[in-house]
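A quick write-up on the structure given underneath.
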Amino acid sequence: MDSTVRVPVDDVRTRGHSRSLERFLTASDWREVLAALEADGNLLDSSDSGEELTAETLETEDLSQTLTEFLDAADEPLSDSDLANLSGAGAFIASPFPRPGSCSPDADADASVSDADRLPLVTQTPETPAEVSESWSATERALYERGFRRDERITTSLSATVEQTPISIVQIAKQVLRNLKAGELLPSISLPAWLLEPLSATEKVALAMRYGELLAAWATEPDPFERFLKGMQYFLSGLPNQCSLRKPFNPVLGETFMCAFPHREASHGITSLFCEQVSHHPPRTAMHMRNSRLGVRIHTVMEPRPSFGGNSLKIEMAGHALMELTHAQDVEQYILTRPAMVFSGILGVGKQQLECIGKCIFHCPKLGFLAKFDFSGVSLAGLRGSEHAVEGKLYVHEQKRYRFYGRWDDCIYLKDLTNGETRLLYNAGDVYERCRIQVWIPPEPQQPPKFARTVWRATADALLRNDFERATVEKRRVEACERELRSLREQTGETWQPQFFELDPLTGIYIFNDKHRHFVEMDPEDLDAI
């Protein structure tokens, strides 16, 4: 008698689907992700149901390179035919030291774009002195009179991106494979332009000052302990609270960005931000912020290190920030490290969200205060943890004195361990309401060389018009220009060095070269020096 247990076909399919789903969620590279998709078509969303992936593709191509290209600013080698299709790329590669923006030739772009079609880089601002004096603070008027204009591209782009339908990295990988021709290497395939934001990564550094009035609160607080707490608040306000897989432009080597943040109180002056792309592999952006009225100087370097973990993407931020208050009798230095960011749901399974994960510190050796943060979030299955959770300890002269806990996107409380008293340390809703600050962009004559808005102008304008084909062409123009410049340096044996920053070997921080201080000195009384 046949003793074989016959399992219903539907049960077999269900078990197979569960195994594929598990493999899908725990995949460590693209090969495993796409193999799971091929094994179980039900894992694909409806828009992809008609597409097939060949076994030959999975076996012969290194799909992990797609993630590197997407996140790590890897160069895309172009064939001769690719370069020929860039409609005159050689015209803007005449000099290894091009004028600002020469990697993004406006003449060719303008031939197909009318003034009416071109979207403004900045919001329109009133032109009459009466309107300006009525609605703006003294610091805003000072910037306006020097040609600066208020800009909302950065914050508007972020909000618009979040409101769109979530993107699955599976869709990205499949889109790349659709464009893969027989015998073609994967790195030569460009990502679809609809995945791009009309911004460079250097511009997004400005998001750290979205709630910049906290910077003034920190710098002007007379009590040392309260000043340390306000420094913690400023750090918390800069954590990213929105998630998107759309990708900003990879900054070119030496690309710069600068902007100004006028504070509401004239006595608080204007905070300036200046950054430069000081390395391409690995990608490093050096940033300097300064406010002479407040006596604030901040130096940091952003070096994202991405890693793929199944249904999530983890981005660790290497290095640390050095924050200085120069108005004290002796300079107060604060050392800050940052948590990792984890994007979950990137494969289209589960909720797409952003969490901060890991440990970091905020420390002022002179005052003797040290805060240790421990960020955690919800587990993959959603069964453990709490969204945006953070807890930690605050040490006073090496003695554990306080405990803090809560959610960094809501409220965090501080408990005194000596008497049990608890107080509100941070209220995100209140900060978002009271401490917003506007971004102002300098006029073209006052912009540094290789200014991000100039380098990427044609690409960004095409994206804002949803002209993705044109955006791809313009993006490749910039990339081809940079390869040519790198090739020229290799031929001449030249070593590229940052123009505006110098690496301090003792601290590992890129320090802004003060001979360029005319770019960052924004005191309203000294704006004539700009």
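The values are calculated or read from the model by the stated rules, or taken from the named source; none is laboratory data. None of these values were measured; they are calculated from a predicted model. Don't worry about glycine lacking a Cβ; one is built from the backbone with ideal geometry, like all the others, and counts go over all protein chains shown.
Tell me whether segment 398-406 contains one or more residues that are assigned to a loop (DSSP other than H, G, I, E, B) and free of Cβ contacts under 8 Å to residues at least 40 places away in the same chain.
Restricting attention to segment 398-406, the residues satisfying the condition of being assigned to a loop (DSSP other than H, G, I, E, B) are 398.
Retained after the next criterion (residues that are free of Cβ contacts under 8 Å to residues at least 40 places away in the same chain): 398.
Within segment 398-406, one or more residues are assigned to a loop (DSSP other than H, G, I, E, B) and free of Cβ contacts under 8 Å to residues at least 40 places away in the same chain.
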Hey, does segment 231-248 have a residue that's modelled with pLDDT under 95 and part of a strand (DSSP E or B)?
yes
All positions within segment 443-466 that are buried (at least 22 other Cβ atoms within 10 Å of the Cβ), of a type outside the set (Val, Ile, Thr) and either out of contact with any Ser or Thr (no Cβ under 6 Å at 6 or more places or on another chain) or outside any loop (DSSP other than H, G, I, E, B) (or both):
Phe451, Ala452, Arg453, Ala458, Ala460, Asp461, Ala462, Leu463
Return yes or no: is Ile437 part of a loop (DSSP other than H, G, I, E, B), among the hydrophobic types (A, V, I, L, M, F, W, C) and either modelled with pLDDT under 95 or surrounded by 14 or more Cβ atoms within 10 Å (Cβ to Cβ) (or both)?
yes
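Does segment 500-508 contain at least one residue that is within 25 Å of Thr202 (Cβ to Cβ), in contact with a Gly (Cβ under 6 Å, 6 or more places away or on another chain) and either in a helix (DSSP H, G or I) or among the hydrophobic types (A, V, I, L, M, F, W, C) (or both)? Give the derivation first.
First, the residues of segment 500-508 that are within 25 Å of Thr202 (Cβ to Cβ): 500-505, 507-508.
Within this subset, residues satisfying the condition of being in contact with a Gly (Cβ under 6 Å, 6 or more places away or on another chain) are none.
No, segment 500-508 has no match at all.
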Filtered residue count, segment 418-431, keeping only those that are in contact with a Ser or Thr (Cβ under 8 Å, 6 or more places away or on another chain) and exposed (fewer than 15 other Cβ atoms within 10 Å of the Cβ):
0
Please go through segment 336-361 and pick out each residue that is modelled with pLDDT of 90 or more and of a type in the set (Val, Ile, Thr).
Thr337, Ile357, Ile361
Of the conditions (1) within 20 Å of Gln438 (Cα to Cα); (2) crowded, with 22+ Cβ neighbours inside 10 Å, Asn250 satisfies every one except a single condition; which number is it?
(1)
Taking only pairs six or more apart or across chains, which ones have beta-carbon atoms under 7 Å, a first residue in segment 288-315 that is without any contact (Cβ under 8 Å) to a residue 24 or more places away in the chain and polar (S, T, N, Q), and a second residue that is outside any strand (DSSP E or B) and crowded, with 19+ Cβ neighbours inside 10 Å?
none
Which residue out of Val520, Val431 is touching a helix residue (DSSP H, G or I) at 6+ places or on another chain (Cβ under 6 Å) and in contact (Cβ under 8 Å) with a residue 40 or more places away in the chain?
Val431
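Does segment 201-224 hold any residues that are farther than 20 Å from Cys275 by Cα and not in a loop (DSSP other than H, G, I, E, B), and which are they? Outline the logic, then answer.
Of segment 201-224, the ones farther than 20 Å from Cys275 by Cα are 213-214, 216-224.
Result: Glu213, Leu214, Ala216, Ala217, Trp218, Ala219, Thr220, Pro224.
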So in segment 387-412, with the set limited to residues that are under 18 Å from Cys356 (Cβ atoms) and aromatic (Phe, Trp, Tyr), which one is surrounded by the fewest Cβ atoms within 10 Å (Cβ to Cβ)?
Tyr405
Which numbered condition in (1) within 29 Å of His388 (Cα to Cα); (2) at pLDDT 95 or above is the only one that Gly254 fails?
(1)
Only one of His299, His288 that is of a type outside the set (Phe, Trp, Tyr), in contact with a Cys (Cβ under 8 Å, 6 or more places away or on another chain) and buried (at least 18 other Cβ atoms within 10 Å of the Cβ)
His288
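Show me the strands (runs of 3 or more DSSP E) found entirely inside segment 262-352 where at least 3 residues are more than 17 Å from Glu203 (Cα to Cα).
Numbers: elements: 270-279, 284-291, 296-309, 312-318, 321-325, 332-336, 340-344.
Those strands (runs of 3 or more DSSP E) span 296-309, 312-318, 321-325, 332-336, 340-344.
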Taking only pairs six or more apart or across chains, which ones have beta-carbon atoms under 7 Å, a first residue in segment 214-227 that is within 14 Å of Leu367 (Cα to Cα), and a second residue that is in a helix (DSSP H, G or I) and among the β-branched types (Val, Ile, Thr)?
none
Residue within segment 251-259 that is within 15 Å of the chain's Cα centre (by Cα) and in a helix (DSSP H, G or I) present:
no
